[in-house]
Amino acid sequence: NNIQQPNYQFTMPTIKGTASVTDNHAQLKLLRSTTFPSNFSQKVDFTKIHRGVIQHWIEERITALLGFEDDIVGSTAVHLFLPEAAPSSSEGGEATTAAGGGGEAEVDPRRAQLDLAGFLGEKEAAEFASELWTMMLDAQTAPAGVPRKLVEKKKEEMRRQRELQQQQQQQQW
């Protein structure tokens with residue numbers, strides 16, 4: 001009575017909007033044949049980055065790359081690059097530095113980039129993954145776990161807003 005089921009392996013075509021790598025053999029082949037940034041070999045300590053800030057940046061960047069908002073692709077990118085945090089005492093997405101953080105999944109940015117290529121295209125996925133990984137490496141050494149690039153962008157935004165308010169006040173006088 002031992003009836004064996006045939007072991008079928010299906011591969012999906014590489015079409016934008018579909019999963020591009022479905023079996024392990026194809027993914028290993030792509031991992032060997034694709035050139036990745038050198039900083040992908042560095043590990044990110046996810047307990048030291050501000051998850052909320054990075055998640056917001058990922059969602060905005062995906063929207064900019066696609067030209068429209070797509071919750072599924074945005075959520076996929078977040079889950080590929082930001083492992084679920086282990087339960088901790090901190091609230092609100094703050095960066096945590098608790099020594100016993102444990103439970104953090106490791107992220108392989110190479111695999112995450114290849115998985116996103118089916119949604120964004122190879123070039124866009126490579127640019128996105130490289131930019132994000134660089135920011136997360138910076139964030140883990142930055143105060144409050146926020147990448148310096150985003151802090152500077154926010155400062156510039158606030159400065160411009162102040163200047164605009166001052167101009168409006170001067171026009172009222």
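Derivation of every value follows stated rules applied to the coordinates shown; laboratory data play no part. Quick caveat, the model's predicted, so the values are computed rather than measured. Cβ coordinates were reconstructed from backbone atoms using ideal geometry, including for glycine residues, and neighbour counts include every protein chain displayed.
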Kindly rank 112-120, 54-62, 32-40 from highest to lowest mean number of other beta carbons found within 10 Å of each residue. 112-120, 54-62, 32-40
Pairs LYS123/LYS154; LYS48/LYS153; LYS43/LYS149; LYS43/LYS154: which are spaced more than 23 Å apart, C-alpha to C-alpha? LYS123/LYS154; LYS43/LYS154
Karplus ³J(HN,Hα) for region 157-163 (6.51 cos²θ - 1.76 cosθ + 1.60, θ = phi - 60°; Hz, whole; x = Gly/Pro) runs 4, 5, 4, 4, 5, 4, 4
